[in-house]
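To keep things clear, I will list the structure first and then write my remarks on it.
The values are calculated or read from the model by the stated rules, or taken from the named source; none is laboratory data. Please read these numbers as outputs of a predicted model, since none were measured by experiment. Remember, those area values only see protein heavy atoms, side chains included, never the ligands or the DNA or RNA. Shrake-Rupley method; radii C 1.70, N 1.55, O 1.52, S 1.80 Å.
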Amino acid sequence: MTHDQQPQSSQDGASNVIDSIRNALDSTHDVEQVLILSARLAAFGIDQPYRDWPSSISGELARDLPSQLRARCLRVVQDLNQIESQSSDSPRESSPAATLEHAQDLHCLHVIDRRHGALLAAAYPAFEGLSHLCSHVLLDDDAAAGLEDASVRRRCDLMDPDCVLPVMRHPLGDSARLAVAMDNASRPAIPVVEVTPLPVFEGELVFDGGRPSQRMIRRFAERCGLIRCLDGSECDVRAVLEEDWRISIEFNGPDAWCRRIDRVRLGSRTTLPDDERRDFWSTSLQTLGLDAQTRLVGQPILVALTNGERFSL
């Protein structure tokens, strides 16, 4: 956070917000507000008020709710579009922070309703459109500061994360976006380094009854060599194709080096480490069709380290 807050425990912070929501819920008879406030309580783990609302209103009111909520989403969308079209120096009828708070309420209602029977499903396209628009809102510094204050006041950090719009969790103004862009621009690009190859017999790729042939297996064994990092450390690596289409990538290096391995992929297919030592990664192509198996076997193996270095095998 960019501003100081009064010391307060998480439990006290949540209790204060929950009490405030309960008081507002007890004092309103507006059905839409009942839904929104009940959903906010559910985001703090208090589900019963949201479970109870269908039994507290008439069927006629319930039928009108989706159209009313769609209209509410449209009003917020119009406000956001108006804010986006105005310059930061021109007067605004509504503040971006207040408008995004309304969007946050509707996003929270959407998430909670999906978990409790999807009674408002007819309004989901409007909810989804609003949430998508919020993910592309550009805030100036004043709007970001106002939204950060709103996030702290609402204790969004204590809510179910799925119920919080990303822009509420991390409001970035012009200055913050510029700082991030400058930081990224100042980082040198780290190239993908080809692993030093070792000569292996090159055999023809053929299949044997739906299984990889011995020639294909030998050809795949070309995927071996020596990884040399920028700090001078080295590690042997080799890839193995089994007859049951199991693929393994084995690293023969110190434990500390192997634990630097962040990701290993065969083309677009992710492999997983067998244990915490991270020296043996594997995946299986057995359940894939012949075309996918053929295509993936011919794809490069990419190894990414935690320091950003990448290698192609």
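Per DSSP H run of n ≥ 4, the term is -39500 (n - 2.57); total these for the chain, divide by its residue number, and report the mean residue ellipticity at 222 nm rounded to 500 deg cm²/dmol.
Value at 222 nm, helices only, nearest 500: -14000 deg cm²/dmol.
Helix 141-154: angle to the longest alpha-carbon principal axis of the chain, degrees 0 to 90, nearest 10?
Long axis of 141-154 versus the principal axis of the chain: about 80 degrees.
Quick one: angle between helix 124-134 and the longest Cα principal axis of the chain, in degrees between 0 and 90, rounded to 10, please.
Relative to the chain, helix 124-134 is tipped by roughly 80 degrees.
Would you check the accessible area of Arg218, probe 1.4 Å, heavy atoms only, in square angstrom rounded to 10?
So the heavy atoms of Arg218 present about 100 Å² to solvent.
Considering only protein heavy atoms, what is the solvent-accessible area of His102 at a probe of 1.4 Å, reported in Å² to the nearest 10?
My reading of the accessible area for His102 is about 100 Å².
Using a 1.4 Å probe on the protein heavy atoms, what percent of the accessible area of region 211-313 belongs to carbon and sulfur?
Ligands and nucleic acids excluded, carbon and sulfur reach 46 percent.
For a quick check of understanding: with a 1.4 angstrom probe and all protein chains in place, what accessible area in square angstrom does Thr28 have, to the nearest ten?
Surface open to solvent at Thr28 totals about 30 Å².
Per residue, how large is the accessible surface of the chain? Use a 1.4 angstrom probe and give square angstrom.
Heavy-atom accessible area per residue stands at 56 Å².
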